[in-house]
1. Of everything in segment B:155-179 that's more than 13 Å from chain A (Cβ to nearest Cβ) and buried (at least 21 other Cβ atoms within 10 Å of the Cβ), which residue is nearest to B:N88 (Cα to Cα)?
2. Return a yes/no flag: does segment B:142-154 have any residue that is more than 9 Å from chain A (Cβ to nearest Cβ), modelled with pLDDT under 95 and open to solvent by less than 50 Å² (accessible area, probe 1.4 Å).
3. Given the conditions (1) assigned to a loop (DSSP other than H, G, I, E, B); (2) within 21 Å of the chain's Cα centre (by Cα), and given that B:G23 satisfies all but one, which numbered condition is not satisfied?
Amino acid sequence: MTDHTSEETALGDLFAEAREAPVAPPAALMARIHEDAKRLQPAPPRLASKKPAPARWRDIWQGLGGWPAFSGLATATVAGIWLGVNPPVGMALAAETYLEYETITPVIDLVPESYFDFSAEAL
Amino acid sequence: MDKPLEHAQDVPDDALLLAYANGDAAAASMLTARLTPVVFGHAYRLLGRRADAEDVAQEAMLRLWKIAPQWRQGEAKVTTWLYRVVANLCTDQLRRAPHAALDAVAEPEDSTASVTQQMQSRARLDALQSALACLPDRQRQAVVLRHIEGLANPEIAEIMDITVEATESLTARGKRALARALSSQKDALGFTDD
């Protein structure tokens with residue numbers, strides 16, 4: 001028991017001695033590791049630079065809606081041209097119907113007893 | 001960016017690592033100075049050979065630099081991660097060269113100790129290192145982490161990926177085996193039979 005305790009104490013002292021005498025890394029190793037650190041270090045984030053004032057046409061372009069608006073306008077233009085060049089059958093019929101429809105203009109004679117027949121003159 | 005961080009000694013490792021990942025050159029210097037001795041010392045205790053320990057230390061730190069941009073603060077201690085990397089690298093190293101001769105432990109400068117005392121101290125530390133080399137890898141790792149690095153059992157368990165109970169058992173067995181290995185050098189170590 002005494003022997004065991006003595007060994008425990010001696011071993012404890014030995015561990016303490018090892019803790020107090022850390023194995024120092026050589027300077028060359030420190031330098032190599034520091035070089036690795038610098039070589040592999042990511043670049044610092046760049047601060048956002050102040051943007052130049054946008055050009056006048058860019059303001060106008062953005063005011064009109066930019067590319068999304070332009071693409072919609074272009075699509076509508078192409079579709080209109082195509083319908084004009086090659087209209088579908090149904091569309092021609094509908095156009096004739098609307099264009100040949102007799103126009104009725106209602107006229108109300110506000111002074112029926114007067115000398116002038118305004119309703120007749122109006123027509 | 002090169003301006004040293006104020007109160008650098010109070011800055012946790014993971015905060016320095018974050019600063020490193022953001023390009024802070026001072027953080028690179030401080031992490032190197034702070035962690036290289038830890039990594040190299042642990043590798044030396046596990047391997048017993050300075051040249052191999054240097055290779056392991058450099059490789060472990062290289063992995064740290066590479067993982068820095070993905071490091072998640074607060075999830076794990078940097079040193080815990082490093083101890084684990086070092087242990088894995090040492091295991092690989094020992095598989096490649098298991099029977100190489102052990103180096104003598106470098107003794108720190110101590111002007112207050114006499115030459116005789118320094119020689120005795122060196123002899124004791126050499127004996128300890130030789131006895132550690134006799135232990136199985138896992139026992140050696142547990143004993144070094146517990147009794148030389150001074151870590152608590154839960155942290156050792158995390159490093160070794162085992163339970164706290166298994167850590168305690170491994171450490172106890174390692175310590176007994178170490179005492180047996182050192183018993184033949186009682187005079188050098190100061191062991192007494194009374």
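The values are calculated or read from the model by the stated rules, or taken from the named source; none is laboratory data. Predicted model, so just to flag it, every value in this text is computed and none were measured. Methodologically, a virtual Cβ is constructed for each residue, glycine included, from the backbone with ideal geometry; neighbour enumeration extends over all protein chains shown. Ligands, DNA and RNA are stripped out before the accessible areas are found, and what is left, the full protein with its side chains, is counted by its heavy atoms. Shrake-Rupley method; radii C 1.70, N 1.55, O 1.52, S 1.80 Å.
1. Initially, segment B:155-179 is screened for residues more than 13 Å from chain A (Cβ to nearest Cβ), giving B:155-170, B:173.
Still in the running and buried (at least 21 other Cβ atoms within 10 Å of the Cβ): B:156, B:159, B:167, B:170.
Working: B:I156: 14, B:I159: 10, B:T167: 17, B:L170: 17 Å.
Result: B:I159.
2. So far as segment B:142-154 goes, no, none of its residues is more than 9 Å from chain A (Cβ to nearest Cβ), modelled with pLDDT under 95 and open to solvent by less than 50 Å² (accessible area, probe 1.4 Å).
3. Just one mismatch for B:G23, condition (2).
Here's the yes/no breakdown for (1) buried (at least 17 other Cβ atoms within 10 Å of the Cβ); (2) at pLDDT 95 or above; (3) over 11 Å from the mean Cα position of the chain (by Cα):
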| residue | (1), (2), (3) |
| --- | --- |
| B:L31 | yes, yes, yes |
| B:A43 | yes, yes, no |
| B:K77 | no, no, yes |
| B:Y83 | yes, yes, no |
| B:V86 | yes, yes, no |
